[in-house]
């Protein structure tokens with residue numbers, strides 16, 4: 001599951017993941033699933049609702065919903081569980097309705113997994129990305145930009161403290177925080 005964009009060039013790499021994952025599973029002879037599909041929260045099709053209903057019609061009775069989000073956010077803790085029918089927070093339902101997003105009404109077991117685990121994905125990627133750009137590390141700095149929410153501050157502080165080497169010399173990293181990423185299941 002991905003956020004989606006009104007611009008197709010942003011959605012294309014996400015759409016390509018569906019084929020890439022299916023190929024990877026086939027190469028290893030481990031096609032463990034009846035289907036692997038990409039779905040979008042908003043702005044693009046297919047929607048999460050459409051994909052879940054299609055999979056149910058195809059005989060899927062247990063679904064693992066994996067968010068293609070780098071880190072926890074209101075989307076992953078509020079919107080996705082509500083869209084998947086794992087939560088029924090009235091405030092979130094009202095907001096989704098205003099955006100034209102309908103919750104799934106499926107009769108299958110759904111497990112919502114964690115985000116892409118920024119603590120392992122980002123630390124592996126960030127240094128290489130920065131090195132590709134860098135021309136004079138002794139005179140350069142790095143700023144980690146994120147869309148945030150005060151609720152997730154401990155997660156970001158924890159991530160930043162583990163990536164101390166990305167700060168300019170003389171800067172102290174913030175104290176480590178904690179995060180809970182238990183999967184939600186229906």
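All but one of (1) without any contact (Cβ under 8 Å) to a residue 60 or more places away in the chain; (2) closer than 19 Å to residue 5 by Cα; (3) not in a helix (DSSP H, G or I) hold for residue 68; which doesn't?
If we test residue 68 against (1) without any contact (Cβ under 8 Å) to a residue 60 or more places away in the chain; (2) closer than 19 Å to residue 5 by Cα; (3) not in a helix (DSSP H, G or I), just (1) comes out false.
Inspect all residues belonging to region 86-103 and state whether any of them is modelled with pLDDT of 90 or more, in contact with a strand residue (DSSP E or B) (Cβ under 7 Å, 6 or more places away or on another chain) and assigned by TED's automatic domain parsing to the domain that holds residue 49.
Yes, region 86-103 has at least one match.
Within region 57-84, can you find the residues that are closer than 18 Å to residue 107 by Cα and in contact with a strand residue (DSSP E or B) (Cβ under 8 Å, 6 or more places away or on another chain)?
Taking region 57-84 and keeping what is closer than 18 Å to residue 107 by Cα, we get 57-65, 80-84.
Matches in region 57-84: 61, 62, 63, 64, 65, 80, 81, 84.
If I ask for residues that are under 19 Å from residue 45 (Cα atoms), under 17 Å from the mean Cα position of the chain (by Cα) and free of Cβ contacts under 8 Å to residues at least 24 places away in the same chain, which ones from region 78-135 would you list?
The answer is 82, and nothing else.
What is the number of the single condition among (1) at pLDDT 95 or above; (2) on the phi > 0 side of the Ramachandran plot that residue 43 does not meet?
(1)
The values are calculated or read from the model by the stated rules, or taken from the named source; none is laboratory data. Quantities reported herein were computed from a predicted structural model and do not represent experimental measurements. As a convention, Cβ positions derive from the backbone with ideal geometry for all residues, glycine included, and neighbour counts pool all protein chains shown.
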